[in-house]
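Beneath this line is the structure, given in structure tokens, with notes to follow.
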Amino acid sequence: MPAALPPIAFIGGGNMAGAILGGLRRAGLPADRFEVVEPFAATREQLLARQGVQAQAGASAALARCGLVVWAVKPQVFADAAAATRPFLAPGALHLSVAAGIPSDSIARWLGSERIVRAMPNTPALVGQGMTGLFARPTVPAGERTQVEQLLQPTGRLLWVDAEPALDAVTALSGSGPAYVFYYIESMVEAGIEMGLSPAQAHALAVGTFTGAASLAADAGEPPATLRERVTSKGGTTHAAISALEAAGVKAQFKAAIRAAEQRARELAQEFGQAD
């Protein structure tokens, strides 16, 4: 698999870049197939220690050999990073952005290229269990979409969407989603401690429950509501818990929270996607 990929540039070397790099290195791609631009010295040192990849503080002519460029920068600095890097890039490079909210129209304008794929990964990519939504502009051929799949495959599962606005929903649901899970685990651990369990016991039970339930939901082939109903006997302990959640309007509030994340993704496009 790695041999089919061209030399790859990473603009930004933070956690997501590290997750992708780590997966490719474990799959056998040698360190000399990468060019990384990362302004922070501490992050460059981490990349060298963990992935064996030497990163540079700024863009240089070395980027010209890379046929695939991964933009792993924060949305608010994307335009500036593009302006500083564009003169050194190969004109025919394929560009993959993992920056939340920045529309491909803006990226195409900043880079002078229509060969843009947007990706919305999430943090479980760090352990190869990520969920990534993908959108390609119409000018990106099937072969290059396959390259993107090869690049991201070590990070976890991939899902293509046909319309770019759907990436806002992907951002809200799976991009931000791990934080929701951690929030519920945090609440379960606190409740367990309050009921007399040790912190270690409560943590093990909460994490184990989420892991097992997620695996069952993935493999059962049935809707989550059906699985929930099977463990919710009327008058039992689970019924008491679900009834309390329903009485408090938790489901409605949770859906509202996800919509707030979707709205924020749209706002990011307005805030940071308009620079010339």
*Working only within region 99-113, note down all residues that are in contact with a helix residue (DSSP H, G or I) (Cβ under 6 Å, 6 or more places away or on another chain) and modelled with pLDDT of 95 or more.*
W110, L111
*Within region 39-54, can one find any residue that is within 20 Å of F272 (Cβ to Cβ) and either of a type in the set (S, T, N, Q) or surrounded by 15 or more Cβ atoms within 10 Å (Cβ to Cβ) (or both)?*
yes
*Since F10 meets every condition but one in (1) in a helix (DSSP H, G or I); (2) closer than 25 Å to R86 by Cβ; (3) under 19 Å from the mean Cα position of the chain (by Cα), which condition does it not meet?*
(1)
*State yes or no: is V207 under 23 Å from S176 (Cβ atoms) and without any contact (Cβ under 8 Å) to a residue 40 or more places away in the chain?*
yes
*Please specify each residue of region 96-111 satisfying the condition of being β-branched (V, I, T) and either assigned to a helix (DSSP H, G or I) or in contact with a Leu (Cβ under 8 Å, 6 or more places away or on another chain) (or both).*
I102, I107
*asked:* If I ask for residues that are of a type in the set (S, T, Y) and more than 14 Å from F10 (Cα to Cα), which ones from region 85-128 would you list?
replied: S104, S106, S113, T123
*In region 253-272, what count of residues is obtained for those that are in contact (Cβ under 8 Å) with a residue 40 or more places away in the chain and over 30 Å from A79 (Cβ atoms)?*
1
*Residues of region 55-79 satisfying the condition of being outside any helix (DSSP H, G or I) and among the basic types (K, R)*: K74
_Check on A108, surrounded by fewer than 20 Cβ atoms within 10 Å (Cβ to Cβ) and over 22 Å from G133 (Cα atoms)_ = no
*Only one of V69, V98, V73 is within 16 Å of V36 (Cβ to Cβ) and touching a His at 6+ places or on another chain (Cβ under 6 Å); which?*
V69
*Between residues in region 227-252 that are in the same structural domain as S215 (by TED's automatic domain parsing) and loosely packed, with under 13 Cβ neighbours inside 10 Å and residues that are among the acidic types (D, E) and in a helix (DSSP H, G or I), which pairs lie under 6 Å by C-beta distance while being six or more apart or on different chains?*
none
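The values are calculated or read from the model by the stated rules, or taken from the named source; none is laboratory data. Everything quoted here is computed from the prediction, not taken from an experiment. Neighbour counts are summed over all protein chains in view; Cβ atoms, including those assigned to glycine, are modelled from backbone coordinates with ideal geometry.
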